[in-house]
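A short write-up of the structure that comes next.
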Amino acid sequence: MKIMLDAGHGYDTPGKRSPDGMREYEFNRAVAAYAKGLLDGYQNVTVYFAHSDQTDIPLQQRTNNANNLRVDIFVSIHANAAGGSWSSAEGIETFVYPTRPQGALSLATKIQNQLISRTGLRNRGVKTADFHVLRETNMDAVLIECGFMTNPNEIKLLRSENYRRTCAEAIVAALADHFNLVKKPTAQPAPSPSPTPTPQTGLYKVQVGAFKQRNNAENLSARLTNDGFNNFIVTDSGLFKVQTGAFRNKQNADDLAQKLRNIGYQPYVFRA
Ligand SMILES: [Zn+2]
């Protein structure tokens, strides 16, 4: 099946930013990217993006592309705003076209439930609106508002990779349920060809960066902590090295490195 993910707006779209300057597109595109990564783990799914990092693709072009590609579902991802300054408006809502198409309504309900149960934010419910992307798409379409950029608490979530990933996981879980998606089989690791036991002296360590300047290491360390990774700084050969784990089992180190890679870090695993 074909899924089109639409990160609302573009990087330079006027307005569409939090009172402290986060661009809505930054959040929307991150969720779309995480969702694509997760959807790539399912069989017979092709994901298209309606948006582009290079330019703000007009709405008409987005829906034309969806119609020409004959995608099966159009999922538009947004962050909400109540005016241009801080306010207490909060929570998550998902929209379908006012005629409440059955398929879209069913998917929207699943997305809304997944988002609420995974984030714990206020449930504003499934609503209807005459939005362009809901009206001009020939297929079922939903538009998700994943929290308020204008809420002082929710903007912190919207900025965090953890929350962006959680939103993507919620959306993909709902899509998988709605379309009965089947996961691709995971590759089995090949059995070790060598019967010779390797000495288990050292540990497999995951290093995310090495710097001459301590404050650079501290900045990376803070980012990792913010993303939920325990880490520590080791001083070695005149460098400040930021490491996130030490394991007896190489697979555990590789798994952690992959998680970090998935969200944009460039770790490497070594034995010491
Ligand atoms: Zn928006």
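Each reported figure results from applying straightforward, stated rules to the coordinates on display, with no laboratory input. These numbers come from a predicted model, not from an experiment. We place every Cβ from the backbone using ideal geometry, glycine too, and count neighbours over all the protein chains shown.
Annotations for the structure displayed:
- Straight Cα distances below 19 angstrom link LYS127 to the aspartates and glutamates ASP6, GLU90, GLU93, GLU136, ASP140, GLU145, with same-chain residues fewer than 8 positions distant left out.
- With each label modelled as a point 7 angstrom along the Cα→C-beta vector, the ASP20-TYR48 pair spans 3.8 nm.
- Computed from the Cβ-Cβ distance with R0 of 25 Å, the FRET efficiency linking ASP56 to SER88 stands at 0.25.
- 31 Å Cα-Cα threshold exceeded, pairs from LYS212/LYS259; LYS16/LYS241; LYS156/LYS259: LYS16/LYS241
- The chain: angle of helix 102-119 to the longest principal axis, Cα-based, in degrees nearest 10: 40 degrees
- Working from label points 7 Å from Cα in the Cα-to-Cβ sense, the ARG271 to SER117 distance is 4.3 nm.
- Convex hull volume of the Cα atoms of the chain, normalised per residue: 156 Å³.
- Stretchable slack from MET1 to LEU69, in nm (0.36 nm times residue separation minus alpha-carbon distance): 23.4 nm
- For the chain, adding -39500 (n - 2.57) for each run of n ≥ 4 DSSP H residues and dividing by the number of residues yields -11500 deg cm²/dmol at 222 nm.
- For LYS184, a cut-off of 16 angstrom between C-alpha atoms picks up these aspartates and glutamates, skipping any fewer than 8 places away in its own chain: ASP40.
- Degrees, to the nearest 10: 59-69 long Cα axis against longest axis of the chain: 80 degrees
- For the chain, a simple Cβ point-charge model (Lys and Arg +1, Asp and Glu -1, everything else neutral) yields a dipole of about 680 debye relative to the Cα centre.
- Of the residues SER106, THR137, ASN180, the one whose Cα sits farthest toward the positive end of the charge dipole of region 98-253, with +1 on the Cβ of Lys and Arg and -1 on the Cβ of Asp and Glu, is ASN180.
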